[in-house]
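Let me begin by presenting the structure, written as structure tokens, before commenting on it.
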Amino acid sequence: MKQGINTSEEIKRKLWEGANNLRGSMEASKYKDYMLGLMFYKFLSDRTLDWYKKNAGVKNEANLLSEYRNAFNKWGDKLSNAIKSNLRYVIKPQYLYQQWIEDIKNGEFELEKVTYGLEDFERSIAIGDSNNDDDFKGLFSTSIINMSDTALGNDIKKAE
């Protein structure tokens, strides 16, 4: 085996150690809810941008987030309604997972953006007359993902 390449077991062990360090004093089952919830939100954000890219004919993926933001500013409710009729939910540009990553890189991230984004997602699925919207209801409720939970730590700045 080449030096620097880890076995599958070593990789699993390192990932587990990293997850435990991030988890801190939070119970593993509660931490799982946060991690799986945020991973699913990332999936929904990816799906939103992918839908927009295909339907708007975006060729340059490097500018996808900014093009989505500009289209939302220009078309507003029309774009929102088109997305909702196809995906059954809407994630506004400022609440996309990818925007959070961009904000982190720029030093502009605020934890409240996650809370606002999850709440806005919940509101977006509550609007409509389709029973199919029930699939997403309560998915990101504060009883499941509460970003003000003290088990997450007292100061987000310490994690940076």
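The values are calculated or read from the model by the stated rules, or taken from the named source; none is laboratory data. Computed from a predicted model, the values in this text were never measured in an experiment. Glycine also receives a Cβ, built like all others from the backbone with ideal geometry; neighbour counts cover every protein chain displayed.
Here ILE91 passes the criteria (1) modelled with pLDDT of 90 or more; (2) of a type in the set (A, V, I, L, M, F, W, C); (3) closer than 25 Å to MET35 by Cβ; (4) part of a helix (DSSP H, G or I) except the one numbered (4).
Look at ILE83 and say whether it is over 18 Å from MET39 (Cβ atoms) and part of a helix (DSSP H, G or I). Don't jump to the end; show me each part of the working.
On the way: over 18 Å from MET39 (Cβ atoms): yes; part of a helix (DSSP H, G or I): yes.
Yes, satisfied.
Among the residues of segment 51-95, those that are more than 17 Å from ASP120 (Cα to Cα), surrounded by 12 or more Cβ atoms within 10 Å (Cβ to Cβ) and among the charged types (D, E, K, R) comprise LYS53, GLU67. With the requirement that a residue be closer than 16 Å to ARG69 by Cα, without any contact (Cβ under 8 Å) to a residue 12 or more places away in the chain and not aliphatic (A, V, I, L, M), what does segment 96-121 give you? Of everything in segment 96-121, just one residue is closer than 16 Å to ARG69 by Cα, without any contact (Cβ under 8 Å) to a residue 12 or more places away in the chain and not aliphatic (A, V, I, L, M), namely ASP103.
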